[in-house]
Amino acid sequence: MTDNIRQIRKRVKVMLDKERYQHTLGVAYTAAALAMRYHEDVDRAFTAGLLHDCAKCIDNAEKLRLCAKYGIEVSETERKALYLLHSKLGAAIAERDFDIKDRGILDAIRYHTTGRPAMSLIEAIIFTADYIEPGRSEAPDLEEIRALAFTDLTAGIKKILGDTLKYLDGRDRPVDPATKETYDYYTASGGRVPGC
């Protein structure tokens, strides 16, 4: 672990509550394992995992204030489901407060909740690691998805997206259009994660 990663880890621990920090460590280590499996840079994946939820514990009013301050557009769906803002805001905080310049890491943070069509390998790794990290236990078919993630990352992503859309629809919760677009890209158009 580099000194920079150690410093990020210390700072993130202060920003998050105990449960969210444990989740964050789970994502970082899972991302590192997926990076080794798919030949992505392990430090990049670990860094993105550490920072993916850096804005999660900010209260909603402050999230909106910071989005306005940083010029982050807030969609109608995000206004109905303010928890979605932590991804975009987290990318801005990673860039401004943690001096992250790597566009791949920033995009992995920005899209880790909804995904997006044609995700890069690091984006796909963080999207997946967030869903399958060891502390997760509630999602249906989790064992199947964990196995898929290490054998066929694209198939794992399709299953995550399908299950997420089913879950949101069954609870009448707002669906970010990006989630549906991402699902369509990987299912209907046959998109694949590069290198997988």
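FYI, it's all coordinate maths here, none of it is from the lab. If you're wondering where the values come from, they're calculated on a predicted model, not measured in any experiment. Note that each Cβ is placed from the backbone with ideal geometry, even for glycine, and that neighbours are counted across all protein chains shown.
Given an 8 Å cut-off on Cα distances and at least 6 residues of separation, report the relative contact order of the chain as a percent.
The normalised contact order for the chain reaches 22 percent.
What is the percent of Cα-Cα separations in the stretch 74-182 that go past 17 Å?
Value for the stretch 74-182: 56 percent of Cα pairs lie more than 17 Å apart.
Can you tell me the order of 4-13, 87-96 when each peptide is scored by its average per-residue count of other Cβ atoms within 10 angstrom, highest first?
87-96, 4-13
With +1 on each Lys and Arg Cβ and -1 on each Asp and Glu Cβ, how big is the dipole of the chain about its Cα centre, in debye rounded to the nearest 20?
Here the chain has a charge dipole of around 400 debye.
Give me MET119, MET1 sorted ascending by neighbouring Cβ count inside 10 Å, so fewest comes first.
MET1, MET119
At 0.36 nm per residue, minus the direct Cα-Cα distance, what do ARG65 and VAL175 gain on full extension? Give it in nm, one decimal, please.
Fully extending the segment from ARG65 to VAL175 adds 37.3 nm.
At GLU143 and CYS57, where each label point lies 7 Å from the Cα along Cα→Cβ, what is the point-to-point distance in nanometres?
Reported label-point gap for GLU143 and CYS57 is 3.3 nm.
In whole Å, what are the Cα extents of the stretch 3-108 along the three principal axes, biggest one first?
Cα extents, longest axis first: 38, 27, 23 Å.
Mind ordering 120-130, 98-108, 57-67 by average Cβ neighbours within 10 Å, highest first?
120-130, 98-108, 57-67
With each pseudo-label sitting 7 Å past Cα toward Cβ, what's the ASP17-ARG136 distance in nm, one decimal?
2.0
Could you rank the peptides 161-167, 112-118 by their average count of other C-beta atoms within 10 Å per residue, with the highest value first?
Most protected by this proxy first, the peptides run 112-118, 161-167.
Let me know the volume per residue of the alpha-carbon convex hull for the stretch 3-187, in Å³.
Value for the stretch 3-187: 111 Å³ per residue.
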